[in-house]
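Trainee: Structure in structure tokens, see below.
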Amino acid sequence: MIVIARRINVVLFLFKYMTDIISNILEIINDILFWKRKRKRRKFEKENNLPKKKMINPLTLIIIILFIILLVLKFIIAIV
């Protein structure tokens, strides 16, 4: 019984470790793709004498949306 519990703990530890690595790799890929899009957009703006458009990193956008959702939920729960 103890051996099974230890194996489960090891598997869960490795699973957590692998998910952290995968999420970090995906975050880096997302940042690189954003930088490429931003560079293309800036080049296009410069060539056509356009004003710079504000570009927000997708990860930052997700964090902002989650923060707003949490605030709304907090006020809804406080009212009820």
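Every number here is computed from the coordinates shown, using simple stated rules; none is lab data. The structure displayed is predicted, hence computed values, not measured ones. Every residue, glycine as well, gets a Cβ built from its backbone with ideal geometry; the counts of neighbours run over all protein chains shown.
Trainee: Which of (1) surrounded by fewer than 10 Cβ atoms within 10 Å (Cβ to Cβ); (2) in contact (Cβ under 8 Å) with a residue 12 or more places away in the chain is the odd one out, the single condition residue 48 does not satisfy?
Mentor: The one condition residue 48 does not meet is (2).
Trainee: Can you work out which of the residues in the stretch 54-71 that are hydrophobic (A, V, I, L, M, F, W, C) and not in a helix (DSSP H, G or I) is farthest from the chain's Cα centre (by Cα)? Give the derivation first.
Mentor: Within the stretch 54-71, the subset hydrophobic (A, V, I, L, M, F, W, C) is 55-56, 59, 61-71.
Keeping just the survivors that are not in a helix (DSSP H, G or I) gives 55-56.
Numbers: 55: 16, 56: 12 Å.
Here the residue is 55.
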